[in-house]
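Undergrad: Structure incoming, see below.
The values are calculated or read from the model by the stated rules, or taken from the named source; none is laboratory data. As the structure is a prediction and not an experimental result, all values here were calculated from the model. With ideal geometry, Cβ positions are generated from the backbone for all residues, glycine too; neighbour counts draw on all protein chains shown. Note: areas computed on protein heavy atoms with side chains; ligands, DNA, RNA excluded. Shrake-Rupley method; radii C 1.70, N 1.55, O 1.52, S 1.80 Å.
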Amino acid sequence: MGYVLSREGLDQVLQGLGTEYRLYAPVLKMGEGRFADTDVVRYDFVTSLDQIELSKKSDYAFKELLTPLSETLFFFTEGEVKVADKDVRDVIVLLRACDLHAVKRLDQMYLANGTEKDWFYQRIRDHVRFALIGCPSSFENCFCASMGTNVAPEGWVFSLEEADGGYRCAVADGTLAGLFAEHADAEADVEPAHVVENDTKVRVPENVPTAIYKHQMWDEYTVRCLKCGRCTIACPTCTCYTMQDVFYTDNGRVGERRRVAASCMIDGYTDVAGGGQYRRTGGERMRFKVLHKVHDFRARFGYDMCVGCGRCDDICPEYISFAACVNKLADAVDALGKEVDGDE
Amino acid sequence: MSNANPYVPFASKVLAIVEHTEREHTFVMAYEGDVKPGQFFEVSIPKYGEAPISVSGICPDVSVDLTIRNVGRVTGELFASFAVGDTVLLRGPYGNGFDVSLYEDGECVVVAGGTGVSPVRGVIDALSHTADAKDKHVIVGFRSPGDMLFRDDLVRWADALDLILTVDGAPEGYEGNIGLVTKYIPDLPLRDPATATAVVVGPPAMMRFSVMGLLQKGFAEENIWVSQERRMCCGLGKCGHCRIGEKYVCLDGPVFNYSVSKDMLD
Ligand code: SF4
Ligand code: SF4
Ligand code: FES
């Protein structure tokens, strides 16, 4: 089912959805960007179409909803451990095809790595549904076509995209059709728009020999990378966290246990009790991150972790390009293969 | 939500505390469930945090031993504020642990250094009770005589199997073996190293050189097991800290066959 709506019509639909769902969508935040006086698009709860930024790529992903930067898990009072409450009213998240593919990766890690499900993730996830923002054209640094994430997987309840001064929406969840029909100008055949080609193209190596670990290609990142972790915070598929206990009062009687987002790019990630640290250099950390995104995750789960959103490239203060790094990796793997052939 | 929340710890009573050294104590904790040597628990102290501790002993349906080194916030609080009779919160057990049956038949070598003895203590105990215990060779190394753990066990093991106890260094007048554990590998009296099994646990450098020594001696890679005792955090395969390549040490390990672990590079 598809519909053509005016701006007012779609706004009415969103207001209508608002009675049952909270809406979580990309929002343009003025003056909060990477550099002073620049803008940033990040996710927030909205109540009307006016608040939503549909024409830009969001600098940060939707994942904060599912994996908050800091989430209280338990409260401690004297002698008691209490699971923290959470506002888990139903949510519809507006996101693009790459990010819907990213949800599958988050689910994989939190619900299907090992035998235990992450209870705190699940309690949020159970109340989250998705609406697809169509992509008529690629943004800068996107390489979804290379990663096979340009077409959205199933799992969205409706789609929306701007077209001819109005909006085109496909509705996959029949229970929402009435609401759209009520506010639409017309019915139409709507297929969510998707990108078929990006300017940025990435070649992912099939197998990665362990010789690549010591390859000199990583050295440039030791020089350039600040180890700031922005790339992993912006990434929709990064999931690492660290547990953190805190006290509230001086006598230490009351406190809480939180988990906070962690990054393999930042100091402290690999500290072991009693001293010691793995992967000190930016080059080693880049290698660890990049191989995870385009090799290690696939070796475990059968598909790549990276969804080609390009946010890591957008956000890096040193203009380090993940996409370029993966291409260099593919070249280096080819070259190593040739060396081995030559030896024989 | 029907499934239980795996982050919620359970209460366990401290049944006894054995003080090996000033910094290393074994807490005997009430525990009735299934558990294997080489698995680990998260010791979970509200307001201080959680610390992964390997199981150093098992009394089925009664208790587990957690041998703890006082080096951090959580362990510091445990040492400072918990006594016999108190209740400690735990999560676990996690990890694969050792399959002791792999080592019970035929010749076996265990090389353990420092706190690395904890996860293999149950393995050594099992070996000491086998019919051919004299074919089990155990090399245990500590930094100095004052750092020795499990002194009572060492005496028992010395009677039952071929135990080589050594220290890295000692004050003058010390009469025992002095030298790194690796020093004793070449002279192990093995009939057939190619079919013998080995278990190696300890600090990274010690493990690396011990495995090298075993390979030189003629051990097959597939017959060597190592335990990666390190930087576990959630224990559940979620937090990501323990990942090496495609492996999660908390799920797939900490015990790995060497043919697998040799390709697990940091
Ligand atoms: S690694 Fe970069 S391009 Fe890939 S999903 Fe993460 S942020 Fe997007
Ligand atoms: S790659 Fe860029 S964004 Fe990522 S840690 Fe290094 S400097 Fe920061
Ligand atoms: S310790 Fe958290 S994933 Fe293994």
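Undergrad: Kindly indicate whether any position in the stretch B:229-241 is outside any helix (DSSP H, G or I), open to solvent by 20 Å² or more (accessible area, probe 1.4 Å) and either at pLDDT 95 or above or not assigned by TED's automatic domain parsing to the domain that holds B:GLY122 (or both).
TA: No, every residue in the stretch B:229-241 fails to be outside any helix (DSSP H, G or I), open to solvent by 20 Å² or more (accessible area, probe 1.4 Å) and either at pLDDT 95 or above or not assigned by TED's automatic domain parsing to the domain that holds B:GLY122 (or both).
Undergrad: Which fully enclosed helices (runs of 4 or more DSSP H) of the stretch A:271-333 have 2 or more residues being over 17 Å from the mean Cα position of the chain (by Cα) and away from ligand 1 (no atom under 11 Å from the Cβ)?
TA: Output list reads A:282-291, A:297-301.
Undergrad: Only one of A:ASP90, A:ASP39, A:ASP85, A:ASP50 is surrounded by fewer than 17 Cβ atoms within 10 Å (Cβ to Cβ), over 19 Å from A:GLY229 (Cα atoms) and within 14 Å of chain B (Cβ to nearest Cβ); which?
TA: Going through A:ASP90, A:ASP39, A:ASP85, A:ASP50 in turn, just one is surrounded by fewer than 17 Cβ atoms within 10 Å (Cβ to Cβ), over 19 Å from A:GLY229 (Cα atoms) and within 14 Å of chain B (Cβ to nearest Cβ): A:ASP85.
Undergrad: Conditions: (1) small (Gly, Ala, Ser); (2) more than 14 Å from chain B (Cβ to nearest Cβ); (3) surrounded by fewer than 17 Cβ atoms within 10 Å (Cβ to Cβ). A:GLY268 meets all but one. Number of the miss?
TA: Every condition holds for A:GLY268 apart from (2).
Undergrad: Would you confirm whether or not the stretch A:195-215 contains a residue that is more than 16 Å from ligand 2 (Cβ to nearest atom), closer than 30 Å to A:TYR3 by Cβ and open to solvent by 50 Å² or more (accessible area, probe 1.4 Å)?
TA: Checked the stretch A:195-215: at least one residue is more than 16 Å from ligand 2 (Cβ to nearest atom), closer than 30 Å to A:TYR3 by Cβ and open to solvent by 50 Å² or more (accessible area, probe 1.4 Å).
Undergrad: Okay, next question. Criterion first (open to solvent by 20 Å² or more (accessible area, probe 1.4 Å), touching a residue at least 24 places away in the same chain (Cβ under 8 Å) and assigned by TED's automatic domain parsing to the domain that holds B:ALA194) does B:ASP125 satisfy it?
TA: The answer is yes for B:ASP125.
Undergrad: If a residue must be more than 16 Å from ligand 1 (Cβ to nearest atom) and buried (at least 23 other Cβ atoms within 10 Å of the Cβ), how many such residues does the stretch B:242-253 contain?
TA: The total comes to 5.
Undergrad: Against the definition (more than 14 Å from chain A (Cβ to nearest Cβ), open to solvent by 20 Å² or more (accessible area, probe 1.4 Å), in contact with a Lys or Arg (Cβ under 8 Å, 6 or more places away or on another chain) and at negative phi), how does B:PRO171 come out, yes or no?
TA: no
Undergrad: Has the stretch A:224-237 got at least one residue that is within 16 Å of ligand 1 (Cβ to nearest atom), outside any helix (DSSP H, G or I), among the polar types (S, T, N, Q) and within 14 Å of chain B (Cβ to nearest Cβ)?
TA: yes
Undergrad: Which condition from (1) closer than 30 Å to A:LEU111 by Cβ; (2) over 18 Å from the mean Cα position of the chain (by Cα); (3) within 16 Å of ligand 2 (Cβ to nearest atom); (4) of a type outside the set (Ser, Thr, Tyr) is the one that A:PRO236 breaks?
TA: (2)
Undergrad: Now, a different point. What are the residues in the stretch B:237-266 that are facing another protein chain (nearest Cβ under 9 Å) and within 6 Å of ligand 3 (Cβ to nearest atom), if any?
TA: B:GLY237, B:LYS238, B:CYS239, B:GLY240, B:HIS241, B:TYR248, B:CYS250
Undergrad: It is to be established whether one or more residues within the stretch A:247-257 are at pLDDT 90 or above, polar (S, T, N, Q), surrounded by fewer than 19 Cβ atoms within 10 Å (Cβ to Cβ) and more than 16 Å from ligand 3 (Cβ to nearest atom).
TA: No, the stretch A:247-257 contains no residue that is at pLDDT 90 or above, polar (S, T, N, Q), surrounded by fewer than 19 Cβ atoms within 10 Å (Cβ to Cβ) and more than 16 Å from ligand 3 (Cβ to nearest atom).
Undergrad: If you don't mind, another one. Among strands (runs of 3 or more DSSP E) lying entirely in the stretch B:1-56, which contain 3 or more residues that are within 14 Å of chain A (Cβ to nearest Cβ)?
TA: B:10-19, B:40-45
Undergrad: Determine which single condition A:SER263 fails, assuming it passes every other condition in (1) at pLDDT 90 or above; (2) within 16 Å of ligand 2 (Cβ to nearest atom); (3) of a type outside the set (Phe, Trp, Tyr).
TA: (1)
Undergrad: Hey, another quick one. So, A:GLN244, is that one facing another protein chain (nearest Cβ under 8 Å), surrounded by fewer than 18 Cβ atoms within 10 Å (Cβ to Cβ) and either at pLDDT 90 or above or in contact with a strand residue (DSSP E or B) (Cβ under 9 Å, 6 or more places away or on another chain) (or both) or not?
TA: Against the criterion (facing another protein chain (nearest Cβ under 8 Å), surrounded by fewer than 18 Cβ atoms within 10 Å (Cβ to Cβ) and either at pLDDT 90 or above or in contact with a strand residue (DSSP E or B) (Cβ under 9 Å, 6 or more places away or on another chain) (or both)), A:GLN244 qualifies.
Undergrad: Here's a follow-up. Would the stretch B:151-161 turn up any residue that is farther than 13 Å from B:VAL110 by Cβ and outside any helix (DSSP H, G or I)?
TA: no
Undergrad: In this structure, is A:THR175 more than 16 Å from ligand 2 (Cβ to nearest atom), within 14 Å of chain B (Cβ to nearest Cβ) and of a type in the set (Val, Ile, Thr)?
TA: For A:THR175, the condition - more than 16 Å from ligand 2 (Cβ to nearest atom), within 14 Å of chain B (Cβ to nearest Cβ) and of a type in the set (Val, Ile, Thr) - is not met.
Undergrad: Do we find that A:VAL190 is out of contact with any Phe, Trp or Tyr (no Cβ under 9 Å at 6 or more places or on another chain) and part of a loop (DSSP other than H, G, I, E, B) in this structure?
TA: Here the answer is no, as A:VAL190 does not meet what is asked.
Undergrad: Can you confirm whether the stretch B:200-220 contains a residue that is assigned to a loop (DSSP other than H, G, I, E, B), touching a helix residue (DSSP H, G or I) at 6+ places or on another chain (Cβ under 9 Å) and either within 12 Å of ligand 3 (Cβ to nearest atom) or aliphatic (A, V, I, L, M) (or both)?
TA: Yes, that holds for at least one residue.
Undergrad: Suppose we filter B:VAL140, B:VAL100 for residues that are modelled with pLDDT of 95 or more, farther than 17 Å from B:SER44 by Cα and more than 16 Å from ligand 2 (Cβ to nearest atom); which single one remains?
TA: B:VAL140
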